[in-house]
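This report refers to the structure that appears directly beneath it.
Please treat every number below as a calculation from the coordinates, not as lab data. None of the values given here were measured: they were computed from a predicted structure. Neighbour counts run over all protein chains shown; Cβ positions are idealised from the backbone, glycine included.
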Amino acid sequence: MTAPHSPTSFGHRHLLGIEGLAAGEITALLDLSESYVEHNRRRDKKGQVLRGRTLINVFFESSTRTRTSFELAGKRLGADVINISPEVSAVKKGETLLDTAMTLNAMHPDVLVVRHPDSGAVHLLAQKVTCAVINGGDGKHEHPTQALLDALTIRRRLGRLEGLMVAICGDILHSRVARSNIHLLNIMGARVRVVAPPTLLACDIERMGVEVFHDMRAGLQGCDIVMMLRLQTERMQGSFVPSIREYFHFFGLDHDKLASAKPHALIMHPGPMNRGVEIDSLVADDIFRSLIHEQVEMGVAVRMACLDLLTRDLTGNEPSEAV
Ligand code: CP
């Protein structure tokens with residue numbers, strides 16, 4: 001198999017967030033991901049880059065896309081991959097996050113991918129282990145690989161990120177996806193709008209470098225990309241919207257509201273979707289406008305690139321000779 005596009009080096013031991021990354025580092029990750037998109041479309045997907053290495057997925061919150069794609073990414077690169085769920089681990093017996101991390105670290109994994117409901121938990125864990133740590137989503141804080149896969153999806157469709165107008169709509173307040181995307185899009189020179197009712201926005205959100213709208217049609221005006229987010233009820237205490245029916249009426253994306261965006265504006269959603277709440281099925285399934293399945297495909301490629309780059313930096317390996 002041919003060598004992947006050779007990236008510049010990624011000068012970080014862990015991938016804990018997008019905040020603080022340089023545009024060149026993001027571009028290097030996206031460039032390497034491109035080669036893995038091609039790799040994943042081949043009949044033979046088995047690679048060697050992570051042969052002999054061990055990846056452990058530790059997910060303290062539910063996941064379909066992130067966990068499965070990290071598992072696929074590790075296996076397609078030749079790593080041994082283990083998945084740990086709190087329901088069937090010693091966490092059930094009262095073991096703390098840090099003791100769990102130190103226990104896993106003693107088994108010499110090369111990479112831990114961690115999802116946790118508390119913001120900052122993954123950073124704390126990363127300080128205690130000797131392997132690379134990738135944040136698979138921590139509370140309301142960051143979900144860096146989601147923002148990278150979203151960026152790859154946009155870049156492949158529109159050829160660039162710089163200068164695009166992107167509207168992120170829905171439950172911004174509880175969304176790590178929104179935060180990581182806002183950081184990434186700002187770093188890469190896109191313009192970002194957030195569109196939500198005031199109850200679903202932090203009062204100082206403008207400080208992240210976004211324009212704020214409380215009306216979908218106004219917020220979508222002139223946008224190239226419309227990114228929808230679900231109501232993250234698992235992080236809510238009490239009700240943040242009067243009713244689902246009213247929320248969909250004012251903030252659910254349908255073709256009528258989408259008509260305010262640019263004529264060929266594209267629709268994104270990180271998943272899982274709640275049809276009829278934040279998005280209408282006719283929009284979600286619009287094969288000309290919706291990038292939702294493409295986002296899932298890009299997720300595997302981006303996670304392969306992250307695993308590849310982080311293990312190279314740890315071991316001092318030269319760029320891969322074969323995939
Ligand atoms: N987008 C995302 O993180 O999906 P999962 O919760 O299924 O991993």
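Observations on the model:
- Viscosity 1.002 mPa s, temperature 20 °C, Stokes-Einstein D of the range 53-193 from Kirkwood C-alpha radius, µm²/s: 132 µm²/s
- Among Arg43, Arg13, Arg53, a tally of other beta-carbon atoms within 10 Å of each Cβ gives an order, fewest to most, of Arg43, Arg13, Arg53.
- Residue-count net charge about Phe288 - beta-carbon cut-off 14 Å; Lys, Arg +1, Asp, Glu -1: 0
- Taking the longest Cα principal axis of the chain as reference, the axis of helix 292-315 is set at about 30 degrees.
- Relative counts (whole %) of C-alpha pair distances in the range 1-112, using bins that are 5 Å wide: 2, 9, 16, 19, 21, 16, 9, 5, 2, 0
- The chain - Rg over Rh from alpha carbon coordinates, Kirkwood radius: 0.97
- Rounded to 0.05, the FRET efficiency of the Gln48 and Val88 pair, given R0 = 35 Å and the Cβ-Cβ distance, is 0.65.
- In terms of the mean number of neighbouring beta-carbon atoms within 10 Å, the peptides 261-268, 192-199, 181-188 order highest first as 181-188, 192-199, 261-268.
- Relative contact order [Cα under 8 Å, 6+ residues apart], the chain, whole percent: 23 percent
- Crossing angle, helix 176-187 versus the chain [Cα axis fit, 0-90 degrees, rounded to tens]: 90 degrees
- Helix-only arithmetic for the chain: the sum of -39500 (n - 2.57) across DSSP H runs with n ≥ 4, divided by the residue total, places the mean residue ellipticity at 222 nm at -11000 deg cm²/dmol.
- Separation between Cα centres of the range 132-192 and the range 14-47, rounded to whole Å: 15 Å
- Helix 144-158 axis versus longest C-alpha principal axis of the chain: approximately 60°, rounded to the nearest ten.
- Here the range 199-287 yields Rg over Rh of 0.95, to two decimals, using C-alpha coordinates and the Kirkwood radius.
- Protection-proxy order for peptides 146-159, 297-310, each taking the mean of Cβ atoms within 10 Å per residue, highest first: 297-310, 146-159
- Quarter of Cα convex hull surface for the range 12-61, i.e. mean projection, nm²: 5.4 nm²
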